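The values are calculated or read from the model by the stated rules, or taken from the named source; none is laboratory data. Please read these numbers as outputs of a predicted model, since none were measured by experiment. Because the Cβ atoms are built from the backbone with ideal geometry, glycine has one as well, and the counts that use them run over all protein chains shown. For the accessible areas, the whole protein counts, side chains as well, though only heavy atoms, and no ligand, DNA or RNA atoms are used. Shrake-Rupley method; radii C 1.70, N 1.55, O 1.52, S 1.80 Å.
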Amino acid sequence: MCGILAVLGLQGDERVNRKRILALSKRLRHRGPDWSSIRVRDNCYLCHERMAVTGTDKGEGRDDEAATGNQPMFTKDKSISWVCNGEIYNHEKLTEEHGLQVRSQSDSEVVGLLYEQYGTDFASKLDGMWVFALINYETGEIVAGRDHMGICPMYYGYDATGAVYFASEMKALVGVCEWYAAFPPGHTYVAKLGDARNTAKIERWYNPSWLDTTEIPRQPADYGEIRHILTNAVKKRLMADVPYGVLLSGGLDSSLVTSIATRVSGQRVKSFSIGLKGSPDLVNARKVASFLGTDHHEFHFTVEDALDALPDLIYHLESWHQVRASMPMYLLSRKIKSVGTKMVLSGEGADETFGGYLYFHKAPNDRLYQEELVRKTTRLHEWDVLRANKSTMAWGLEARVPFLDREFLSLVMNIDPLEKMIDTSIMPDGVHKKAEKYILRKAFDTPDDPYLPEDVLWRQKEAFSDGVGYDWVDGLKEHAEIEVSDEEFEARYDRWGDDDTPETKEYYLLRHLFEEHYPDRCARETVPNGKSIACSTPEAVAWYPEWEKQASDISGRAVMDVHEAGDSNLYNTKKPGQQPTTTATASATAYAVASPNGYKHMETKATCSSSFCGRRTRSFSLSKAFASRPLQLARRGQRYSEANPTVRDSAGVSMARN
């Protein structure tokens, strides 16, 4: 994993431009602390901030520069050059199958060689997490792309001269581009150098059958196949030439990943956990680590530690959402990097693909259940995947997510939703209630050769921010009460007046901190919004009438009659005297496939049927999972140049923090 910046078609003095572009690339240096490089030719600037995880320094000392695996990369005749961020797990297979003449051990080299052989139609051949930007100097063709789930972040935009920018994080575009947006997952971008704004075409390359929710899948669950493919997904993600480990919260998903990694790696795996002292996650993580025999590292933080880090976290996260769950991951990543580990496996994706969030207990029927699975999964790049990438890469730590493997997604997203739906009144196997993620639990319920302790395998879902200790969430709320005055909160509609105007002081504070770093309207438009209950999408709020009226907490505790810490529960483990909590608000939305040049590549537009989506007209298409934001909002992108200068960085542009 690295940081990339490509600026293509930038006119002007090359020496001056080079300095400015290097300063912008420096904003991404946390993603690539090992080495920095830039390639300049024909008004094109390709920058790379390297963090070497595979192909580390191989080929050093040879006359052929390409043998080192350093980026920007180029073809043998140097007519094509590219930068790539991510990991392409099948690069050796691609090299063999397509006869690619590679000169290094870097997995990123196959990107340009596949383009050289097949043109723009090659993204579907790449198995992994990746983004890239490429320029063909002979034809002037610009090509960029992003992986199927948006596991690797990328943003793109245009400056006032029409030059096109691609960057791993938004911060490299702030104050420079007059319009920018998140690059859509599973898409490629093709344009002509010199007129990219008017010639750009963005097309979806990732189009699996499960995106179409007009047909409900009826494939039966095959426990053996689930176990086999997830095991392969973990195994391929152990491709690394550096020390690695596993993030272990003690919940089902991270524990399964740890267990599989222990089995397939052939070595004692390092596991890492964090929490407030005495938190549920620490207790369960210790239990799993002891059971599996991992080299376990446990770290603690205080509420004060977390509050002190809030401004820095939001700067790296580039969102005012997911802060509760991001903070422990952010603090843990720094500790992990300090002990010499550069890559970790993480458990994101299982809750979205199997229906692990507690609000899924309330799904009215299989069709609505499946539609919500698709919405949650296709929006991961705005939520948990964004959190997992940016919280770790803030410290130069790479996180890989086996549950979002393409083959695994193809299997689990086509399973009959009736098999995933929660019904704790029955015990399909005669022993265990049909709780959330039942088929995933059952796939690894092998008593003769257990993957996990029984009580961990069947433990109820707990939000990461809750599991590290409820005092962190409560402390954040109390901090916001002090930082945000009643007068400021009452005037919030005067300040914002949009459909994501904060409904709590906590979110007022978080959005305020975000806008100190990212004042542009473009930046705000990259952040999803809409009502939520315990991490649901806005559409799912309509499942249960009471949810419309309650909006104060995104914790899993918010789902009454389900969570063990809620009003009552289906597991009969509520502590005596425990008080109920109200339901939650968070934000979720589809992303826009936006462009400022006529918006020819907007996705399907339809009106959200829920009245809870907020005042802004929404567009959601159940048959097209990657639904767009409204066309009129995307068009305003042409005028997005509203940065209020506060501090000038070495690039000569406004940044609240560099």
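What is the sum of charges, Lys and Arg at +1 and Asp and Glu at -1, for the other residues whose Cβ falls under 12 Å from the Cβ of residue 137? The partial results should precede the final answer.
Details: positive: 39, 41, 78; negative: 42, 77, 138, 141.
Once all neighbours under 12 Å are counted, the net charge is -1.
Evaluate the distance, in nm, between pseudo-label points positioned 7 Å from the Cα of residue 277 and of residue 222 along their respective Cα→Cβ axes.
Label at residue 277, label at residue 222, 5.1 nm between them.
Of all the accessible heavy-atom surface of region 405-529, with the other protein chains kept in place and a 1.4 Å probe, what percent is carbon and sulfur?
Values: 2250 of 4880 Å².
Here it works out to 46 percent.
Which loop trypsin sites (Lys or Arg not before Pro) in region 262-311, with loop taken from DSSP, have no more than 15 other Cβ atoms within 10 angstrom of their Cβ?
Qualifying residues, ordered by number: 268, 277.
Starting from the Kirkwood Rh over alpha-carbon pairs, what translational D in µm² s⁻¹ does region 54-196 have by Stokes-Einstein at 10 °C and 1.306 mPa s?
Working: Rh = 15.6 Å.
For the chosen part, D equals 102 µm²/s.
Ignoring ligands, DNA and RNA, what percent of the 1.4 Å accessible area of region 196-300 is carbon and sulfur? Can you show the working numbers first?
Values: 2060 of 4360 Å².
Exposed carbon and sulfur together represent 47 percent of the surface.
Report the GluC sites (Glu not before Pro) located in region 184-228 that are in a DSSP loop and have at most 10 other Cβ atoms inside 10 Å of their Cβ, or state none. Before the final figure, lay out each step's value.
Values: sites: 203, 215, 225; in loops: 215.
Answer in residue order: 215.
Exactly which trypsin sites (Lys or Arg not before Pro) in region 181-250 are in a DSSP loop and have at most 16 other Cβ atoms within 10 Å?
Working: sites: 192, 197, 201, 204, 218, 227, 235, 236, 237; in loops: 218, 237.
Sparse-neighbourhood loop trypsin sites (Lys or Arg not before Pro): 218.
Please sort 347-353, 484-490 by packing, taking for each peptide the average over its residues of neighbouring beta carbons within 10 angstrom, highest first. Before the final figure, lay out the partial values.
Details: 347-353: 25.6, 484-490: 12.4.
Averaged packing, sorted descending, gives the order 347-353, 484-490.
Kindly write out, for region 229-244 in residue order, the coupling ³J(HN,Hα) from the Karplus curve 6.51 cos²θ - 1.76 cosθ + 1.60 (θ = phi - 60°), rounded to whole Hz, with x marking Gly and Pro.
Each residue's phi maps through the Karplus curve to give 6, 5, 4, 5, 5, 5, 4, 5, 7, 8, 5, 6, 10, 10, x, 9 Hz.
From the phi of every residue in region 475-483, what ³J(HN,Hα) in whole Hz does the Karplus formula 6.51 cos²θ - 1.76 cosθ + 1.60 yield, where θ is phi - 60° and glycine or proline is x?
Residue by residue, region 475-483 yields x, 5, 4, 5, 4, 5, 4, 7, 6 Hz.
Whole-Hz Karplus ³J(HN,Hα) for region 118-131, in order, using 6.51 cos²θ - 1.76 cosθ + 1.60 and θ = phi - 60°, x for Gly and Pro?
10, x, 6, 8, 9, 4, 5, 7, 8, 10, x, 10, 6, 9
Relative to a virtual label point 7 Å from the Cα of residue 482 in the Cα→beta-carbon direction, which members of region 309-351 show backbone nitrogen distances below 14 Å?
Residues 309-310 qualify, since their backbone N sits under 14 Å from the label point.
Once you have a ≥ b ≥ c as the square roots of the Cα gyration tensor eigenvalues for region 169-316, tell me rounded if a/c is under 1.5, and otherwise prolate or oblate according to whether a/b is larger than b/c. Write down the numbers at each step before the final one.
On the way: a/c = 2.28, a/b = 1.35, b/c = 1.69.
Oblate, because a/c is 1.5 or more while a/b does not exceed b/c.
Compute from the Cα atoms of region 288-375 the Rg and the Dmax, the latter being the longest Cα-Cα distance, and quote both in angstrom.
Rg and Dmax of region 288-375, Cα atoms, are 17.2, 48 Å.
Between residue 521 and residue 195, what is the label-to-label distance in nm when each label sits 7 Å out along the Cα-to-Cβ direction?
Modelled inter-label distance: 2.8 nm.
Could you work out how far apart the two model spin labels at residue 19 and residue 414 are, taking each label as a point 7 Å from the Cα in the direction of the beta carbon, and quote it in nm?
Here the modelled spin labels are 5.7 nm apart.
Which number comes out as Rg/Rh for region 267-307 once both Rg and the Kirkwood Rh are worked out on C-alpha atoms?
Looking at region 267-307, the ratio lands at 1.05.
What is the spread of the Cα atoms of region 416-514 along each of their three principal axes, largest first, in whole Å?
61, 29, 23
If you roll a 1.4 Å probe over the heavy atoms of the protein chains, what accessible area per residue do you get for region 388-488, in Å²?
Details: 3560 Å² over 101 residues.
Solvent-accessible surface per residue comes out at 35 Å².
Taking a threshold of 20 Å on the Cα-Cα distance, which of the pairs 362/433; 270/337; 93/235; 287/434; 171/192 fall above it? Don't skip to the answer; put the middle values down first.
On the way: 362/433 16 Å; 270/337 12 Å; 93/235 15 Å; 287/434 24 Å; 171/192 25 Å.
Pairs exceeding the cut-off: 287/434; 171/192.
Taking 22 Å as R0, compute the FRET efficiency from the Cβ-Cβ separation of residue 41 and residue 240 and round it to 0.05.
Calculated transfer efficiency: 0.10.
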